[in-house]
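Accompanying notes for the structure given below.
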Amino acid sequence: MNPSDREHQLSARLEKLEASHAHLERQYDELNGAVIAQGKLLTRLQKRLEQIDTTMQTQELERMAGNQQKPPHYAP
């Protein structure tokens, strides 16, 4: 193999590696964006779940308080 062929092979390998690297960088950026978006969504859903939980607890306490009737013999 002469030096010119070897240089051509090395150049072709380098181009292939650079193309692969660029592809992997693009995939990394896309996946990173997806993870960030999912993290934001998860945070919003957790806050909403906490709001719903608080609302349900309040409603349950109000229901329980409304069901506690005084006995008929109780005189104010």
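No lab work stands behind these numbers, since they all come straight from the coordinates. Not measured: the values here are computed from a predicted model. Quick reminder, even Gly has a Cβ in these numbers, built from the backbone with ideal geometry, and neighbours come from all protein chains shown.
Value of Rg to Rh for the chain, rounded to two decimals, is 1.74; Kirkwood radius and Rg both from alpha-carbon coordinates. Working from label points 7 Å from Cα in the Cα-to-Cβ sense, the Glu25 to Leu41 distance is 2.8 nm. The charge dipole of the chain, taken about its Cα centre with unit charges on the Cβ atoms of Lys, Arg (+1), Asp and Glu (-1) only, comes to about 460 debye.
Toward the positive end of the charge dipole of the chain, with +1 on the Cβ of Lys and Arg and -1 on the Cβ of Asp and Glu, the farthest Cα among Asn67, Leu10, Ser20 is that of Asn67.
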